1. Would you calculate the volume per residue, in Å³, of the smallest convex hull containing every Cα atom of the range 71-132?
2. How big is the C-alpha Rg of the range 38-145 next to the rule-of-thumb value 2.2 N^0.38 Å, as a ratio?
3. Label residue 249 and residue 131 with points 7 Å out from Cα along Cα→Cβ: what is the distance between them in nm?
4. How would 29, 130 line up from fewest to most surrounding beta-carbon atoms within 10 angstrom?
5. Considering the convex hull of the alpha carbon atoms of the chain, report its projected area averaged over all viewing directions, in nm², one decimal.
6. What FRET efficiency comes out for residue 89 versus residue 15 if R0 is 30 angstrom and r is the Cβ-Cβ distance? Round to the nearest 0.05.
7. Gaussian network model of the chain, Cα springs within a sub-10 Å range: biggest mean-square fluctuation belongs to which of 133, 104, 56?
8. Using the 10 angstrom Cβ neighbour count as an exposure proxy, how do 220, 240, 196 rank, fewest first?
């Protein structure tokens, strides 16, 4: 199956305030009808305002995390239903920064994926190995275990996107080699088909880890790379727009 619609997803992480929404206005103006899906995931306080700004645009808005519970005594947390109410349609789950900074396990991620699906949000599930794990020859096994543990059996493929982000390449300027990206994305595709059958062919697999305008085209030419989860370069309309253009041309 080769008709997966490509996706350029921007993760603003803990960056941005009201004035920065001007970048979103500029992005929507420059790409009024992009030939790929475009998504921006800002910090939670900006989700509603960004969604309002993009209400006449084809650009989607997403969250960066959600709680596994639908509601309750969880001070400081946000439920998937709250994200939907604020205007989000996607949510990033299991990012390596969440796994490292907050001790999230793959089982925790799977519970959040299930909650997101219940709220009709599409989950972007992140997997990736550390530099030590890659140097020890464990990259494929580590990512395979994360993938298996982070995806609940009762979630349909239509509600899933996978993002492969080698931890050592996030925000460092380092990028995995083209052969390493091809090997990992191929292994992820095989695992998805083994688990979900034909539906696994339809799940988009994004590459993340210092994707920039200068390297995007080469990365997007790799088989089974269906787009990118972009960090710092998604903060400006100029850089993110160039990545969108490269994806449209892929």
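1. Numbers: hull volume 5.8 nm³, N = 62.
Taking only Cα atoms, the range 71-132 has a hull volume of 94 Å³ per residue.
2. Numbers: Rg = 15.2 Å, N = 108, 2.2 N^0.38 = 13.0 Å.
The value comes to 1.16.
3. Taking the two extended label points, one gets 3.2 nm.
4. Values: 29 11, 130 16.
By the 10 Å Cβ count, ascending: 29, 130.
5. Numbers: hull surface 49.0 nm².
The directionally averaged projection comes out at 12.2 nm².
6. Working: r = 21 Å, r/R0 = 0.70.
Efficiency at R0 = 30 Å is approximately 0.90.
7. 56
8. Values: 220 22, 240 28, 196 18.
Listed from fewest to most nearby Cβ atoms, that is 196, 220, 240.
FYI, it's all coordinate maths here, none of it is from the lab. In this text the structure is predicted, and so the values were computed from the model without any measurement. Counting neighbours? That spans all protein chains shown, and the Cβs are built from the backbone with ideal geometry, glycine included.
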